[in-house]
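Step one of this worksheet: look at the structure below.
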Amino acid sequence: MILELDCGNSFIKWRVLRPDGVTPVEGGVVGSDADLMASLSDTEKFQLKKCRLVSVRTQAETDLLVASLVEAFGVSVVRALPAREMAGVRNGYEDHERLGLDRWLALLGGFHLASGACLVLDFGTAVTADFVAADGGHLGGFICPGMPLMRNQLRTHTRKIRYDDMAAERAHESLAPGRATVEAVERGCMLMLRGFVLTQLELARQYWGKDFVVFLTGGDASLVSGVVPDAKVVPDLVFVGLAMACPLS
Ligand SMILES: Nc1ncnc2c1ncn2[C@@H]1O[C@H](COP(=O)(O)OP(=O)(O)OP(=O)(O)O)[C@@H](O)[C@H]1O
Ligand SMILES: CC(C)(CO)[C@@H](O)C(=O)NCCC(=O)O
Ligand SMILES: [K+]
């Protein structure tokens, strides 16, 4: 079977596909290399032969993970690499190697699924927006702190903002002005996210009128899906692009 990995800044998303390369068998989200190895340790079950991965971690960290995978499972590993152009999309960065590979793959996947102009919004540790025109030209994008970073910056840089995860979850039942710290912070950050989304939509409309598809992906996509009812929520958009960038012959 085939192992696919999306190594983000906080989590590794993994899934195992049948040898046909399309049918997912199992997958998950883990917080460390060790947790990943543990999740995959049932080697008999998966019989992994090949692995393709994308990483936004350092070369050294990624090399270490690849070495463990090769040692534990004997897989052959293919990594997504930066490209100036692929599948009809032209990387819009001045230095194409600087564009985060998770963004590159998500926008490749988005353009492929949309067959036209698209706006790709990814809600992970960071929040990113990327614009791809109908002719495949990537216009560039935006990077902002995601929900976990916004919340933790406030917690870290103030004395009196302290609350636990349970309280945070309860605070999201409404978006009314907060009447307790947890509500004020959680709803405030939520409105920042939503405001970001609405601004990106406005920009896309200025470029393309109504002729574009919006994709939402990343672990926190569900937080904002309500403000873009027409958006396509595609949690595995990075994997769509990964399969395009790393065909397994
Ligand atoms: N099963 C899960 N495990 C961990 N986080 C999850 C899970 N489901 C949703 N999330 C949410 O996903 C967010 C993390 O997003 P995601 O996994 O897309 O990115 P990341 O790997 O942290 O960062 P990035 O890919 O941007 O570098 C967390 O804020 C968390 O709220
Ligand atoms: C922005 C993140 C952190 C999102 O995961 C990642 O794509 C990244 O590290 N990018 C490199 C910087 C850039 O894309 O300009
Ligand atoms: K990501």
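The values are calculated or read from the model by the stated rules, or taken from the named source; none is laboratory data. This is a predicted model, so every value here is computed, not measured. Neighbour counts run over all protein chains shown; Cβ positions are idealised from the backbone, glycine included.
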ask   = Only one residue in Gly140, Gly88 is more than 13 Å from ligand 2 (Cβ to nearest atom), surrounded by fewer than 20 Cβ atoms within 10 Å (Cβ to Cβ) and modelled with pLDDT of 95 or more. Which one?
value = Gly88
remark   = Log entry, pairs with first residue in the stretch 13-40 being loosely packed, with under 12 Cβ neighbours inside 10 Å, second being of a type in the set (Phe, Trp, Tyr), beta carbons closer than 7 Å, six or more apart or on different chains, reads Gly31/Phe11
inquiry  = Take residues that are within 26 Å of Gly109 (Cβ to Cβ) and in contact with a Cys (Cβ under 7 Å, 6 or more places away or on another chain) and tell me which of the helices (runs of 4 or more DSSP H) falling wholly in the stretch 128-208 contain 1 or more.
reply    = 147-157, 181-208
inquiry  = Testing Ala106 on (1) in a helix (DSSP H, G or I); (2) surrounded by fewer than 16 Cβ atoms within 10 Å (Cβ to Cβ), one condition comes back false. Which one is that?
reply    = (2)
key: Considering residues of the stretch 115-132 that are away from ligand 3 (no atom under 16 Å from the Cβ) and surrounded by fewer than 20 Cβ atoms within 10 Å (Cβ to Cβ) only, the residue nearest to Thr199 (Cα to Cα)   = Gly116
ask   = Of all residues in the stretch 214-233, how many are within 26 Å of Glu4 (Cα to Cα), β-branched (Val, Ile, Thr) and more than 16 Å from ligand 2 (Cβ to nearest atom)?
value = 2
request  = Of all residues in the stretch 33-57, count the ones that are within 16 Å of ligand 3 (Cβ to nearest atom) and hydroxyl-bearing (Ser, Thr, Tyr).
outcome  = 1
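Yes or no, residue by residue, for (1) within 27 Å of Ala117 (Cβ to Cβ); (2) more than 20 Å from the chain's Cα centre (by Cα):
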position: Asn152; (1), (2): no, no
position: His172; (1), (2): no, yes
position: Arg187; (1), (2): no, yes
position: Arg194; (1), (2): yes, no
ask   = Residues Ala204, Ala243: which one is crowded, with 20+ Cβ neighbours inside 10 Å, under 19 Å from Gly136 (Cα atoms) and out of contact with any Leu (no Cβ under 8 Å at 6 or more places or on another chain)?
value = Ala243
From the options Leu53, Leu113, residue that is more than 16 Å from ligand 1 (Cβ to nearest atom) and out of contact with any Pro (no Cβ under 8 Å at 6 or more places or on another chain) = Leu113
query = How about the stretch 209-227: which of its residues are over 18 Å from Phe111 (Cβ atoms) and either surrounded by 12 or more Cβ atoms within 10 Å (Cβ to Cβ) or within 13 Å of ligand 1 (Cβ to nearest atom) (or both)?
reply = Gly219, Asp220, Ala221, Ser222, Leu223, Val224, Ser225, Val227
key: Criterion (under 15 Å from Lys232 (Cβ atoms), within 16 Å of ligand 1 (Cβ to nearest atom) and aliphatic (A, V, I, L, M)) met by exactly one of Val127, Val120   = Val120
key: Cross-chain or 6+ apart pairs with Cβ under 6 Å, the stretch 61-72 first and surrounded by 13 or more Cβ atoms within 10 Å (Cβ to Cβ), then modelled with pLDDT of 95 or more and assigned to a helix (DSSP H, G or I)   = Leu65/Asp33
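In the stretch 142-186, what residues are small (Gly, Ala, Ser) and touching a residue at least 40 places away in the same chain (Cβ under 8 Å)?
Hit for the stretch 142-186 is Gly146, nothing else.
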query = Which residues, counting only those in the stretch 116-137, are within 12 Å of ligand 2 (Cβ to nearest atom) and of a type in the set (Gly, Ala, Ser)?
reply = Gly124, Ala126, Ala129
